[in-house]
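Q: I have a structure here, written as structure tokens, and I will follow up with some questions on it.
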Amino acid sequence: AQQLGTPLSNQEYRQFFRSLRAAHRASTACLLRELYGCQNPLVQRLDKYENHGVIPEGPICSELPGTLFFPDFCTFSFYRCTRKRYFIKV
């Protein structure tokens, strides 16, 4: 156990910043989506990367309480961005 008030170990810092970078990247992708829309080539490349090379066509099923489906992947992605729930999967 670490003593209170001591800095994180190198491994603990890597883990700490790994999670921050992931959320930061997701936030940046959301900003691009907001600024340029889903038809932007960079946004589409990110969507394809997230979905193993293909952007799913709608409707998109969801396990979110109260939201059973979204008309398309773009709408689903905007929902995640606006709610800051970046890593929700369908």
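The values are calculated or read from the model by the stated rules, or taken from the named source; none is laboratory data. Everything quoted here is computed from the prediction, not taken from an experiment. Cβ sites come from the backbone with ideal geometry, for glycine too, and all protein chains shown count toward neighbours. When the accessible area is computed, the model is the full protein with side chains, heavy atoms only, and any ligands, DNA or RNA have been set aside. Shrake-Rupley method; radii C 1.70, N 1.55, O 1.52, S 1.80 Å.
Q: With the contact rule set at Cα under 8 Å and sequence spacing of 6 or more, what percent relative contact order holds for the range 41-90?
A: Over the range 41-90, the number comes to 26 percent.
Q: Determine the relative contact order of the range 10-83: mean sequence separation of Cα pairs under 8 Å and six or more apart, normalised by residue count, in whole percent.
A: Once divided by the residue count of the range 10-83, the mean separation gives 21 percent.
Q: What accessible area per residue comes out for the chain, rounded to a whole number of Å², with a 1.4 Å probe? Display every interim value, and only then the final one.
A: Details: 7180 Å² over 90 residues.
With all protein chains present, the chain gives 80 Å² per residue.
Q: Please work out whether the range 45-88 counts as rounded, prolate or oblate from its C-alpha gyration tensor, where a ≥ b ≥ c are the square roots of the eigenvalues and a/c under 1.5 means rounded, while otherwise a/b larger than b/c means prolate and anything else oblate?
A: Here the range 45-88 falls in the oblate category.
Q: Also, I was wondering about something else. Tell me the mean residue ellipticity at 222 nm calculated for the chain from its helices only (DSSP H runs of n ≥ 4, each -39500 (n - 2.57), averaged over every residue, nearest 500). Intermediate results must be reported in sequence, preceding the final value.
A: Values: 3 runs with 48 residues, N = 90.
Rounded to the nearest 500, the figure is -17500 deg cm²/dmol.
Q: Would you be so kind as to identify which of PRO59, CYS30, PHE17 lies farthest towards the positive end of the dipole of the chain, taking Lys and Arg as +1 and Asp and Glu as -1 on Cβ and the Cα centre as origin?
A: Selected residue: PHE17.
Q: Let me ask something else about it. About its Cα centre, what dipole magnitude does the chain give when the only charges are +1 on Lys and Arg Cβ and -1 on Asp and Glu Cβ, stated in debye to the nearest 20?
A: 280 debye
Q: How much length is gained if the chain between THR75 and SER9 is pulled fully straight, taking 0.36 nm per residue apart and subtracting their Cα-Cα distance, in nm to one decimal?
A: Values: separation 66, 0.36 × 66 = 23.76 nm, distance 4.09 nm.
Extending this stretch completely gives an extra 19.7 nm.
Q: Can you list the cysteines of the chain that have no other Cys Cβ under 4.7 Å away?
A: CYS61
Q: Same structure, new question: Taking a temperature of 37 °C and a viscosity of 0.692 mPa s, what whole-number D in µm²/s does Stokes-Einstein yield for the range 10-83 with Rh from Kirkwood over alpha carbon pairs? Before the final figure, lay out each step's value.
A: On the way: Rh = 13.6 Å.
D = 242 µm²/s.
Q: How much net charge surrounds PRO41 when only other residues with a Cβ under 13 Å from its Cβ are counted (Lys, Arg +1; Asp, Glu -1)?
A: Result for the neighbourhood of PRO41: +2.
Q: Compute the signed sum of charges (Lys and Arg +1, Asp and Glu -1) over the other residues within less than 14 Å, Cβ to Cβ, of CYS61. Mind showing how you got there, number by number?
A: Working: positive: LYS89; negative: GLU57, GLU63, ASP72.
Net local charge, CYS61 excluded: -2.
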